[in-house]
Amino acid sequence: MVFDGPPKKVARYPQVATVESLLKRTEERDASGRRKGGVVWHTQGSGKSLTMVMLAKAIAMEDSLARIMIVTDRTDLNDQIFKSLFTIFYALYDKVYRKDVLTYASACCKANGGAAGVDGQTFEDIEAYGAERWLDELTQELKNQTYQPLPVRRVYIPKPGGQQRPLGVPAIRDRVVMMAAVLVLDPIFEADLQPEQYAYRRGRSALDAVRACLRSSE
């Protein structure tokens, strides 16, 4: 196993074995369904820093949606781990068309509802066509890089005073792809956002930001 630096480092067998057993450990659950914890005991000079970096990288490669929190008391190790994980996230396109990601994205869009786009396709049409077949075809378009988003359908919503508010309605297929991209990118950016940032974050709104300002002024 190589830590792709620079500089490049080759792991010793105990480090490889440790990472492999820890990955298996993350899949184990107790009777209540909770993941099992664990402790890795290292002696001085045994390469625990590199093991931490490799473990974090292995977890991220195994599951691109995993959230990893590493607490250290060394700034150089923090930098090393960050640079190691950053090399994984430079190529995320293949994560967008992963079957589990697209399936969950499709379920989210269906739960949100909404009208059809310019193609006129509704969720009912997709079910009649075959949701699995529809999703497989979308997956192949993304994988083969032949996917092209459709134009956004323009609709107008009445506003008080007789005015109209323009609104764009993407096709369902494009909404699913956008949701898949959000599912992949959101955990990466969320990890670096500060607690006082509220814009465009899941579970937060402008009203939450106002409430936080009011609390800080008390």
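Every read-out reported here was derived from the displayed coordinates using simple, explicitly stated rules and does not represent laboratory data. The shown structure was predicted, so the numbers you read here are calculated from the model rather than taken from an experiment. Neighbour counts are summed over all protein chains in view; Cβ atoms, including those assigned to glycine, are modelled from backbone coordinates with ideal geometry.
Observations on the model:
- Per-residue Cβ neighbour rank within 10 angstrom, fewest leading, Arg201, Arg34: Arg34, Arg201
- Spin-label pair Glu196/Thr103, simplified geometry with 7 Å Cα→Cβ offset, distance in nm: 4.3 nm
- With the simple model of a label 7 Å out from the Cα in the direction of the Cβ, Val210 to Leu22 spans 4.6 nm.
- If R0 is 22 Å, the Cβ-Cβ spacing of Ala111 and Phe189 corresponds to a FRET efficiency of close to 0.45.
- Computed label-point distance, nm, for sites Glu218 and Tyr147 using a 7 Å Cα→Cβ extension: 4.5 nm
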